[in-house]
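Reading through the structure tokens given below for one structure.
The values are calculated or read from the model by the stated rules, or taken from the named source; none is laboratory data. Here the structure is a predicted model, which means the values were calculated and not measured. Cβ placement follows ideal geometry from the backbone for every residue including glycine, while neighbour counts extend to all protein chains displayed. Heads up: the accessible areas ignore ligands, DNA and RNA and are worked out on the full protein's heavy atoms, side chains in. Shrake-Rupley method; radii C 1.70, N 1.55, O 1.52, S 1.80 Å.
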Amino acid sequence: MDLGIAGKAALVTASSKGLGRAVAEELACEGARLAICSRDASRIAEVAEAIASDSGARVIGLRADVSRPEEVKGLIADVTGRLGGLDILVTNAGGPPSGTFETITDNDWENAYRLNLASVVELCRAAVPHMKQKGWGRIVNITSIAVKEPVDGLMLSNSLRAAVVGFAKTLSREVASHNILVNNVCPGFTMTERVVQLSEAAAERRGVRPEDILKEWEGTIPLGRIGTPPEFASLVAFLASERASYITGTTIPVDGGAVRGLL
């Protein structure tokens with residue numbers, strides 16, 4: 001299937017590893033002109049070179065901390081200047097630390113707010129004017145299945161990622177007349193460094209092995225296994241494409257059927 005995004009200018013944040021990198025690789029394979037970013041300058045440069053070599057696409061690696069508004073503005077300005085605009089924005093950021101209500105500090109809340117909610121708002125604020133100019137745009141926010149079914153021990157993620165969904169739904173209605181589509185994709189248990197870290201934290205709390213936790217999580221998934229980053233990236237690429245022209249304001253899990261909710 002031709003997704004119709006060859007030559008489109010795309011930005012994927014937090015894309016030096018995990019789900020962000022998988023999405024970047026998928027968009028590059030579809031022929032998008034790509035910018036990727038990370039707080040680690042040397043790492044993102046290596047990844048940009050690797051993706052460009054594998055796909056033949058133009059890939060720019062940029063250092064940026066999306067939790068800092070001034071860096072977000074500079075990032076979007078750099079991307080639009082070097083790629084001639086911005087058609088596709090995939091927002092992504094590392095997950096906040098695990099913890100319960102009584103263990104989370106004021107500083108934890110502030111950092112998580114800046115990283116997981118304010119970054120999305122600032123990225124969209126900077127990107128939407130460029131999309132309006134072209135009368136075409138796709139925004140895909142990587143969130144978590146926690147917005148569908150809160151996960152025990154993830155107070156920060158459960159709270160702030162749900163706020164992203166409310167923001168995205170409202171934004172989708174405000175920009176629809178400009179042919180800008182806004183959707184959220186919710187990874188379930190996917191084999192990334194983040195999931196490994198969560199399994200280790202859960203194992204420490206419960207006094208068991210991380211592999212025991214992973215096995216337990218697999219038992220909650222109807223497909224009986226933890227997902228892979230490329231499986232997740234395929235949906236993001238579709239939602240970022242011309243083919244998804246009548247889909248906006250949605251929040252879609254990629255979780256092997258784990259979420260029990262109807263909506």
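Thinking of the chain as a set of Cα atoms, what percent of all their pairs are more than 30 Å apart? When all Cα pairs of the chain are counted, 24 percent exceed 30 Å.
Taking Cα atoms only, the orientation of helix 18-29 departs from the longest principal axis of the chain by about 30 degrees. Helix 229-239 and the longest principal axis of the Cα set of the chain meet at an angle near 40°.
With an a/c value of 1.5 or above and a/b larger than b/c for the gyration tensor axes a ≥ b ≥ c computed over the alpha-carbon atoms, the range 108-182 is described as prolate. Taking R0 as 22 Å, what's the FRET efficiency between residue 216 and residue 260 from their Cβ-Cβ distance, rounded to 0.05? For R0 = 22 Å, the calculated efficiency reads 0.85. Rounded, prolate or oblate: which fits the range 77-206 when a ≥ b ≥ c are the square roots of the eigenvalues of the alpha-carbon gyration tensor, with rounded for a/c under 1.5 and prolate only if a/b beats b/c? Verdict is prolate for the range 77-206. Percent of accessible area on the range 45-185 owned by carbon and sulfur, 1.4 Å probe? Exposed carbon and sulfur together represent 48 percent of the surface. Using C-alpha pairs below 8 Å separated by at least 6 residues, the relative contact order for the range 115-200 is 37 percent. Based on protein heavy atoms only, the range 57-106 ends up with 45 Å² per residue of surface accessible to a 1.4 Å probe. Once backbone amide H atoms are built at 1.01 Å from N, residue 182 has 139, 249 as its partners under 5 Å, excluding neighbours fewer than 5 places away on the same chain.
Sequence-distant contacts, meaning Cα pairs under 8 Å at least 6 residues apart, place the relative contact order of the chain at 20 percent. Solvent-accessible surface of the range 121-263, averaged per residue with a 1.4 angstrom probe and all protein chains in place: 49 square angstrom.
Semi-axis lengths, largest first, of the ellipsoid equivalent to the range 1-49 are 20, 10, 8 Å, with √(5λ) applied to each eigenvalue of the Cα gyration tensor.
Seen against the Cα atoms of the chain and their longest principal axis, helix 41-55 is set at about 70 degrees.
Hey, could you grab the Kirkwood Rh for the range 30-93? Inverse mean 1/r over distinct alpha carbon pairs, Å, one decimal.
When all Cα pairs of the range 30-93 are included, the Kirkwood radius is 12.1 Å.
Annotation: lysines with alpha-carbon distance below 29 angstrom to residue 134 (same-chain offsets under eight excluded): 8, 73, 169.
Computed from the C-beta positions of residue 107 and residue 70 and an R0 of 22 Å, the FRET efficiency is 0.60 to the nearest 0.05. Centre-to-centre, using Cα atoms only, the range 179-232 and the range 1-75 are separated by 23 Å. Is the range 153-263 best put as rounded, prolate or oblate by its Cα gyration tensor, with a ≥ b ≥ c the root eigenvalues, rounded for a/c under 1.5, and otherwise prolate when a/b is larger than b/c, oblate when not? Because a/c hits 1.5 or more and a/b exceeds b/c, the range 153-263 counts as prolate.
Across the range 1-113, the mean sequence separation of Cα contacts (distance under 8 Å, 6 or more residues apart), normalised by length, yields a relative contact order of 28 percent.
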